[in-house]
Structures are given as C-alpha cells and as structure tokens.
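Just so it is clear, none of the values below were taken in a lab; they were calculated from the coordinates. Predicted model, so just to flag it, every value in this text is computed and none were measured. Because the Cβ atoms are built from the backbone with ideal geometry, glycine has one as well, and the counts that use them run over all protein chains shown.
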Amino acid sequence: MVDDGSEPNQSSLSCARCSKPAHLQCPKCVLLKLPREGASFCSQECFKESWSSHKSVHMKANASSLGTGAAGDKNSEGWLYCLKKGQARTSKLPNFDWTGSLRPYPISSKRTVPAHIELPDWAMDGIPKIEPESSLQHVVEIKTPEQIERMRETCKIAREVLDAAARIIRPGITTDEIDRVVHEATIAAGAYPSPLNYHFFPKSCCTSVNEVICHGIPDARVLEDGDIVNVDVTVYYKGVHGDLNETYFVGNVDEESQKLVKCTYECLEKAISIVKPGMRFREVGEVISRHATRSSMSVVKSYCGHGIGELFHCAPNIPHYERNKTVGVMKAGQTFTIEPMINAGVWRDRMWPDGWTAVTADGKRSAQFEHTLLVTETGVENLTARLPTSPNVFPWLNV
Ligand SMILES: [Zn+2]
Ligand SMILES: [Zn+2]
C-alpha cells in the first residue's frame with residue numbers, strides 16, 4: 001500500500017470498501033495510473049479484504065488500455081496480447097523464457113450469449129461479486145436435496161458438452177474450434193459457459209495442450225498428430241455450476257504420453273474411491289501422490305480441487321499432493337471437484353505472460369482429469385460420470 005501523502009483529515013477520498021476517509025492507495029493502481037476513486041482504502045485490513053474483487057480493476061485497465069494506447073507495466077503486456085482478439089499473439093510475442101515448444105496463437109472475438117440464458121454475475125463486466133465475499137469461502141456447504149437435484153442436472157449437461165468436444169478432436173482442428181463446439185453445445189442446452197469472462201477469461205472453456213498444466217486459452221493453434229489436449233468445461237444452469245475435464249490423444253501419441261494420461265486417469269479414480277463421510281480431505285493428496293510417484297511422475301501443487309455449487313469456486317480447497325495441511329473431513333451433502341494435474345517431469349509450474357496459461361517449468365507434458373462429486377451417506381456419487389453415450393476415447397476402458 002502507498003500512502004498518498006495527504007493528511008487523513010484532509011483526504012476527500014473514501015475507502016472503496018467501507019467508505020471511511022481513505023489515504024492509502026493500492027500500489028498497482030498507482031503504477032497503472034488509475035483513478036484514485038475505487039483505488040483508495042482506509043486501512044490495510046480493508047485493502048486485504050477487498051483484494052479478491054479489487055484486483056480485477058487492474059486487468060480491466062490493461063484490457064481497456066488496448067484501445068487508448070495508454071501505458072501499462074511490463075506484466076500487462078500479457079493481457080494486451082491475449083485480448084487483442086486475433087492480432088498480436090503471433091506478430092509480437094512478449095519476451096518470455098518459454099519452457100517448451102508451445103507458443104500462444106491469436107484468439108478469436110468474444111462469443112455471444114443469447115438473452116434467454118441466465119448469466120452468472122461476472123458475465124457482463126468480468127468481475128465475480130458474490131463469490132469472493134461469500135462465507136462459503138470458509139465454510140463447506142451441505143447442499144439441500146433441492147440443490148443436489150439441480151447439481152445433477154447441471155453436471156449432466158457439463159458432461160454432454162465435454163463429450164461433444166471430445167468427438168471433434170483430431171489432428172488439424174484448432175483449440176478455438178473446440179471452444180466453439182463447447183460454447184454452442186452449452187448454449188443449446190440453455191446453460192452459460194462459466195469460464196467466459198470469469199476474471200476476464202476470454203473463452204468458454206480451457207484447452208491445455210502438451211506442457212500446459214491448466215487454464216490454456218483456446219486459440220488458432222492447430223492440433224498436431226501426437227499432441228495431448230485437456231478440455232476443461234464448466235456450465236452454469238439453474239443457478240449452479242458443474243465442472244469436469246479430460247485429457248485426449250490427438251492422433252498417434254507416443255508411449256510416454258499414453259502412460260502419463262492413463263496414470264492421471266487412475267489417480268483421479270483412486271481418489272474418488274476413498275470419498276465418503278468422515279474421510280479427511282488431506283487423504284486425497286496422499287492417494288494421488290502415491291500412485292503418481294510409483295510411475296515416476298509428479299503432482300502439481302499450485303492448483304487444487306474446489307467446492308462448487310451456486311459458486312464456481314469455494315471451500316473446501318483440496319490439494320492433490322502428499323503431506324498437505326488441509327483440515328476437515330468429508331460430510332454427506334458436500335459437493336466438490338477433484339482434478340489432479342500430473343507431470344511427466346518436475347512438479348513446478350510457470351505462468352505465461354497472458355496471466356492464465358500455466359505450464360510445466362521443464363516443458364515436459366502434463367495431464368489432468370476432473371469430476372464434480374457429491375458425498376453421499378454411504379460414499380460418493382460422481383455427478384459428471386461418463387454416460388453410455390460418451391465417446392470411446394480411452395483404450396484402457398475397453399474390456
Ligand atoms: Zn474444471
Ligand atoms: Zn475445477
């Protein structure tokens with residue numbers, strides 16, 4: 001925080017959180033030369049409490065400076081190029097120590113959502129408002145039977161949308177085409193693609209190719225024979241979210257990648273098999289880590305499973321790595337995701353300058369699978385389970 005130099009009693013600015021007289025300025029806003037209104041706080045406490053929602057004004061500023069040519073700092077260049085809608089991702093790459101051979105490509109224009117679709121609160125301005133302020137960031141909700149029924153419906157739509165994406169994957173298509181299929185299938189079901197404009201994410205799903213761990217942005221890159229690609233779908237329908245992902249083979253994939261994807265699939269299956277009332281959340285990481293280590297693979301630590309329901313992301317936070325310090329036990333009626341990211345090489349991740357794309361630090365490949373789960377009285381119900389209609393894309397599921 002930066003003191004604005006004025007005496008507290010002379011300050012005409014009020015705290016963006018509590019409206020008391022404010023004489024502290026958010027340092028990032030100062031750097032970006034943003035207006036003091038909305039960037040002023042009375043105390044470190046109010047600044048800290050506001051951070052999860054406030055930080056999005058920085059991204060918004062970076063995005064809007066595209067049109068005006070206003071100066072941003074070095075980091076904002078990531079946003080500049082990724083939001084330049086199909087222009088700058090190839091012509092001028094930012095300086096970055098790329099960890100593997102993958103590069104960003106142009107991003108197509110933002111897709112539209114018809115008026116009859118119910119929107120989450122970030123759809124219009126990119127800023128989730130209810131989510132960061134909710135007590136459900138700290139307390140794990142026990143869903144009512146009525147909420148659970150809506151979760152079932154929404155999660156089934158999410159599964160069908162992901163399956164639609166899986167059916168088109170082959171060498172020669174772009175990840176942007178995957179995004180188009182996800183977007184159109186979601187809307188055809190009467191749902192909203194939750195990632196679209198969530199903290200300004202520009203697309204309707206995440207597509208993570210090869211060394212991308214998660215949150216890859218669908219773009220104009222053509223999938224090549226031998227790639228692996230994870231597609232992560234979340235849909236919002238009847239006021240609740242359903243979230244799942246799978247990693248697919250593009251054409252003929254080498255044996256090492258096949259081993260990685262199969263091992264990751266098994267890690268998730270093993271984790272789901274222990275879910276029941278009374279189980280410690282931290283055990284999930286033990287089970288996943290044991291299986292990954294046995295195959296000499298590593299577990300990503302920076303991204304975790306999460307509670308889900310009326311909020312996209314909430315408590316509990318579920319790490320996938322061993323010896324994590326997560327507290328609490330599972331209870332019937334809770335809904336959360338488990339979504340292990342397993343790396344062929346080191347566990348460490350790096351972030352591309354677009355602020356979203358997480359890649360392996362050594363450029364080796366990473367795979368992921370995810371389900372939304374309900375804890376039942378006797379065990380677990382997989383709300384995003386494969387359906388009889390799901391495409392047959394994993395050789396190890398053939399008996
Ligand atoms: Zn997901
Ligand atoms: Zn998730």
Within 10 Å of each residue's Cβ, count the other Cβ atoms and sort Cys206, Cys29 from fewest upward. Cys29, Cys206
Kindly express, to the nearest 10 degrees and within the range 0 to 90, the angle between helix 283-294's C-alpha long axis and the longest C-alpha principal axis of the chain. 60 degrees
With just the Cα atoms defining each centre, how far is the stretch 253-279 from the stretch 174-247? Give it in Å. 21 Å
To the nearest 10 degrees, how steeply does helix 44-54 sit against the main Cα axis of the chain, on a 0 to 90 scale? 50 degrees
Taking the chain as the reference, fit the longest principal axis to its C-alpha atoms, fit the long axis of helix 145-168 to the helix C-alpha atoms, and give the angle between the two in degrees, 0 to 90, nearest 10. 70 degrees
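Could you list the trypsin sites (Lys or Arg not before Pro) in the stretch 311-399 that lie in coil according to DSSP, counting only those with at most 10 other Cβ atoms within 10 Å of their Cβ? Intermediate values should be presented prior to the final figure.
Details: sites: Arg323, Lys325, Lys331, Arg348, Arg350, Lys364, Arg365, Arg386; in loops: Arg323, Lys325, Lys331, Arg348, Lys364, Arg365, Arg386.
Those satisfying the criteria are Arg323, Lys325.
Quickly rank 173-183, 210-220, 32-42 as a protection proxy: mean count of other C-beta atoms within 10 Å, highest first.
Details: 173-183: 22.3, 210-220: 24.6, 32-42: 17.5.
Packing order, densest peptide first, comes out as 210-220, 173-183, 32-42.
When the helices in the chain are scored as -39500 (n - 2.57) per DSSP H run of 4 or longer and the sum is shared across all residues, what 222 nm value do you end up with, to the nearest 500 deg cm²/dmol?
Details: 10 runs with 113 residues, N = 399.
Computed ellipticity for the chain at 222 nm equals -8500 deg cm²/dmol.
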So which GluC sites (Glu not before Pro) in the stretch 100-166 end up in coil per DSSP with only 15 or fewer other C-beta atoms within 10 Å? Glu118
In this model, which of Lys20/Lys55; Lys203/Lys238; Lys33/Lys129; Lys110/Lys143; Lys28/Lys129; Lys276/Lys325 are farther than 30 Å apart at the alpha-carbon? Lys110/Lys143
When the Cα centres of the stretch 330-353 and the stretch 363-385 are compared, how far apart do they sit, in Å? 11 Å
Residues whose placed amide H lies under 5 Å from that of His23, excluding near-sequence neighbours: Phe41
Among the aspartates and glutamates, select those whose C-alpha is under 15 Å from the C-alpha of Lys364, and discard any that sit fewer than 8 residues away in the same chain. Asp97, Glu211, Asp227, Asp254, Glu255, Glu256, Asp349
The alpha-carbon center of the stretch 11-59 and that of the stretch 107-167 are separated, in whole Å, by 29 Å
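Please report the relative contact order for the chain, taking Cα pairs under 8 Å with a sequence separation of at least 6, and give it as a percent rounded to a whole number.
This gives 15 percent for the chain.
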If you take the square roots of the eigenvalues of the alpha-carbon gyration tensor of the stretch 226-305 and sort them as a ≥ b ≥ c, do you get rounded (a/c under 1.5), prolate (a/b over b/c) or oblate? oblate
Show me the trypsin sites (Lys or Arg not before Pro) within the stretch 201-283 that DSSP assigns to loop and that have at most 16 other Cβ atoms within 10 Å of their Cβ. Lys238
